[in-house]
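Report on the structure given below.
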């Protein structure tokens, strides 16, 4: 019994003199002195500062509990204890060690440097078990995002002298688990094949060990859901929804099966369009012509939002800064139309107090601010803020970004909070290309999309082929003087050695330009060009080429423009729509020639048969008119297989040769000052498993190349003649680039044309 009393008494005394703060239950107390022990790295003053304790105050047990929590929350101490002896408080601490080094074992997929970038812990930082646990999870996530879901990460701590540790991560990477199949349930209008083309994620194909998009990444699933929704809604399926996404792992744990369960709903067209307002003395008719909505057109939320943006911009220009347009959509299931009412109503008088930007370490603030059409002090427009958020994401400079609206200092003020996480924007690209005409070529390119953090694009490239070399430099400033005005410059040097010709060429060009958007679907490019060309080393050529070689180096100076209008819808690839481009260049601002050059391109594209078959019709034409001097072979048009299939580069058009010996002696392709080409093509599935990446096509091309400002009696086909070719194509979408095999049959040609029955092209960058 006496021993039991002694043990209880000893325990009571220990609780008084050696305790965690929560054990102290006196109401209030004062301390004579506070001291610290056990610290080796941190000073006494630093620890007292963290605790926020001093002898001048009276404390309660709750105050000590708070001090204890403050010390623990620093993540600097593995243990904190308080000892009280006659009003003298001793803070006994045990410091976490510092990290001496971090190493990895067993990693092959990622380098040590790459794995270190995922860690919070760093050498010479304080070691923390919590940080270590987060770092292990971060490494597991990195491997999971690369498709290695079976990867295991274990940490090992080796204690060293002087309160230091080595941290070792033992890595078992495992194999890549790919997306074996992507299926859809509930789709009636579009095939699985068509819907799979919309998604960013892809099924594993023939070269599955090279491609990375066939790995399951959870973040990409969210993007795919948005792409799929945008695809359906842009085609009138206003009630489309994704019910769920089912992801299953095969029994062998070597492949994922993803199934999208969707409800398409009916496709709607736009019905009645009305305008209304609750604002006194406000005439809505002044704004009715601003709408892009037309009855009978396919319903699309993007068209409605674009119309509202135009209306609200017009309202601001007329001084109605706080008038908003609210759409109301009513469905008519009988005729499958959607009636749209655009209501003009007065909104709250809310202003933007400021725009806060964080997370951008390399990118300058002005790059992000430039995406906003509003500034501090302007009226708050939620729709414009959302559009600015979309523009920030479209920059391609950030791994993720968010734009939130938070209350400001006043009831009528808001703060725009912009948070970004940057990603690498530089790239070093090596590539290769092959065509049956030009042979094998190589590509080396360096690019930076965020030069000096200014959002500017900079690139250097070297392209080499069997008979040519091309050196290029380009720079582009997207926000020159104003947000929507771009400024760029191109420099290039091209050398050819007997490339499809019996002479060498050299072309040096300097081209500054500006780009200005005229609307959502159109823009105009204005440029100035200064170029110098030279012909040399002729071998068995005719008199025209001989005379042009004798001219030596020639200089030309020109100004021009290119107008573009593109209605094609975009998800991961161009969809239905029309592209039109018109460019003109006037040469004669100094130099040796005066001429006008006009180029026209028109492309119409449409998907049919549940959008499994793509129909394309393209027309291209060019016209050169010289008022001073004559054209040179380096100025004139040539029809490559990109423009006219079934013929070699330089295979059609004017040529110089003696009629009896053409083909055995000089047979110079001279090019032409006029050309016109029309191409018609259908691409369709072949019925093979989609993961193989094969599709087929048929085409019909008709074209002509003619006209020279200087001719002689040995020039053939200067007046022009239409050539016709038909053929079949085999497309192979591979992870290393798209391959295209063209098999052509020329229906109509001239005697000395050079036709080509087979053409192969491939291009890849890695």
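For segment 253-268, name all the residues that are closer than 26 Å to residue 334 by Cα, in contact (Cβ under 8 Å) with a residue 40 or more places away in the chain and outside any strand (DSSP E or B). First the steps, then the outcome.
Narrowing segment 253-268 to residues closer than 26 Å to residue 334 by Cα: 262-268.
Imposing the further condition that a residue be in contact (Cβ under 8 Å) with a residue 40 or more places away in the chain reduces the set to 262-264, 266-268.
Within segment 253-268, 264, 266, 267, 268 meet the criteria.
Would you check which residues across segment 71-89 are out of contact with any helix residue (DSSP H, G or I) (no Cβ under 9 Å at 6 or more places or on another chain) and assigned to a loop (DSSP other than H, G, I, E, B) and list them?
Correct list: 86, 87.
Return only the number of the condition from (1) surrounded by fewer than 17 Cβ atoms within 10 Å (Cβ to Cβ); (2) closer than 21 Å to residue 585 by Cα that residue 469 does not satisfy.
Only one criterion in (1) surrounded by fewer than 17 Cβ atoms within 10 Å (Cβ to Cβ); (2) closer than 21 Å to residue 585 by Cα is unmet by residue 469, namely (2).
Kindly indicate which of 156, 134 is under 22 Å from residue 75 (Cβ atoms) and in contact with a strand residue (DSSP E or B) (Cβ under 8 Å, 6 or more places away or on another chain).
156
Quick one: in segment 538-556, of everything that is out of contact with any helix residue (DSSP H, G or I) (no Cβ under 8 Å at 6 or more places or on another chain) and buried (at least 18 other Cβ atoms within 10 Å of the Cβ), which residue is nearest to residue 477 (Cα to Cα)?
Checking each candidate, the answer is 556.
Could you grab me the full set of residues in segment 358-376 that are within 24 Å of residue 485 (Cα to Cα) and surrounded by fewer than 19 Cβ atoms within 10 Å (Cβ to Cβ)? Break it down stepwise before answering.
The initial filter retains those residues of segment 358-376 that are within 24 Å of residue 485 (Cα to Cα), namely 360, 362-376.
Those that are within 24 Å of residue 485 (Cα to Cα) and surrounded by fewer than 19 Cβ atoms within 10 Å (Cβ to Cβ): 362, 364, 365, 366, 369, 373, 374, 375, 376.
Please work out which one of (1) assigned to a loop (DSSP other than H, G, I, E, B); (2) at pLDDT 90 or above is the condition residue 210 fails and give its number.
Tallying (1) assigned to a loop (DSSP other than H, G, I, E, B); (2) at pLDDT 90 or above, residue 210 fails exactly one: (2).
Here's the yes/no breakdown for (1) without any contact (Cβ under 8 Å) to a residue 40 or more places away in the chain; (2) in the same structural domain as residue 239 (by TED's automatic domain parsing); (3) under 30 Å from residue 233 (Cα atoms); (4) outside any strand (DSSP E or B):
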| site | (1), (2), (3), (4) |
| --- | --- |
| 329 | no, no, yes, no |
| 335 | no, no, yes, yes |
| 339 | no, no, yes, no |
| 342 | no, no, yes, no |
| 357 | no, no, no, no |
| 360 | no, no, no, yes |
| 363 | no, no, no, yes |
| 368 | no, no, yes, yes |
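Kindly establish whether residue 323 is surrounded by 17 or more Cβ atoms within 10 Å (Cβ to Cβ), within 14 Å of residue 346 (Cβ to Cβ) and either outside the structural domain of residue 237 (by TED's automatic domain parsing) or in contact (Cβ under 8 Å) with a residue 60 or more places away in the chain (or both).
yes
Which members of segment 373-407 meet the condition of being under 21 Å from residue 452 (Cα atoms) and in contact (Cβ under 8 Å) with a residue 12 or more places away in the chain? Explain how you work it out, then say what you get.
Filtering segment 373-407 down to residues under 21 Å from residue 452 (Cα atoms) leaves 391-401.
Listed by number, the residues that qualify are 391, 392, 395, 396, 397, 398, 399, 400, 401.
Before we move on, is residue 215 farther than 30 Å from residue 336 by Cβ, touching a strand residue (DSSP E or B) at 6+ places or on another chain (Cβ under 9 Å), modelled with pLDDT under 90 and not assigned by TED's automatic domain parsing to the domain that holds residue 334?
Numbers: farther than 30 Å from residue 336 by Cβ: yes; touching a strand residue (DSSP E or B) at 6+ places or on another chain (Cβ under 9 Å): yes; modelled with pLDDT under 90: yes; not assigned by TED's automatic domain parsing to the domain that holds residue 334: yes.
Yes: the conditions hold for residue 215.
Which members of segment 334-393 meet the condition of being within 24 Å of residue 299 (Cα to Cα) and in contact with a helix residue (DSSP H, G or I) (Cβ under 8 Å, 6 or more places away or on another chain)?
340, 342, 344, 383, 384, 387
Out of 535, 526, I need the residue that is surrounded by 15 or more Cβ atoms within 10 Å (Cβ to Cβ), in the same structural domain as residue 468 (by TED's automatic domain parsing), in a strand (DSSP E or B) and on the phi < 0 side of the Ramachandran plot. Which one?
Testing whether each residue is surrounded by 15 or more Cβ atoms within 10 Å (Cβ to Cβ), in the same structural domain as residue 468 (by TED's automatic domain parsing), in a strand (DSSP E or B) and on the phi < 0 side of the Ramachandran plot leaves just 535.
Can you pull out every residue in segment 1-60 that is modelled with pLDDT under 50 and in a strand (DSSP E or B)?
If the condition is that a residue be modelled with pLDDT under 50 and in a strand (DSSP E or B), then 18, 19 are the ones that fit.
Is there a residue in segment 90-112 that is surrounded by fewer than 17 Cβ atoms within 10 Å (Cβ to Cβ), touching a helix residue (DSSP H, G or I) at 6+ places or on another chain (Cβ under 8 Å), modelled with pLDDT of 90 or more and more than 30 Å from residue 252 (Cβ to Cβ)?
yes
Six or more apart or on different chains, Cβ atoms under 9 Å: show the pairs whose first residue is in segment 455-475 and touching a residue at least 60 places away in the same chain (Cβ under 8 Å) and whose second is part of a strand (DSSP E or B) and surrounded by 16 or more Cβ atoms within 10 Å (Cβ to Cβ).
Listed pairs, sorted by first residue: 455/449; 455/477.
Is it true that residue 646 is on the phi > 0 side of the Ramachandran plot, outside the structural domain of residue 189 (by TED's automatic domain parsing), out of contact with any helix residue (DSSP H, G or I) (no Cβ under 6 Å at 6 or more places or on another chain) and buried (at least 16 other Cβ atoms within 10 Å of the Cβ)?
yes
Looking at segment 113-140 only, could you name the residues that are touching a helix residue (DSSP H, G or I) at 6+ places or on another chain (Cβ under 6 Å) and under 20 Å from residue 164 (Cβ atoms)?
119, 120, 121
Among the residues of segment 669-707, which ones are modelled with pLDDT of 85 or more and in contact with a helix residue (DSSP H, G or I) (Cβ under 8 Å, 6 or more places away or on another chain)?
670, 685
From the residues in segment 269-317 that are without any contact (Cβ under 8 Å) to a residue 24 or more places away in the chain and in contact with a helix residue (DSSP H, G or I) (Cβ under 8 Å, 6 or more places away or on another chain), which one is farthest from residue 341 (Cα to Cα)?
Looking at the filtered set, the residue picked out is 310.
The values are calculated or read from the model by the stated rules, or taken from the named source; none is laboratory data. Computed from a predicted structure; not experimentally measured. Glycine gets a Cβ as well: all are built from the backbone with ideal geometry, and neighbour counts include every protein chain shown.
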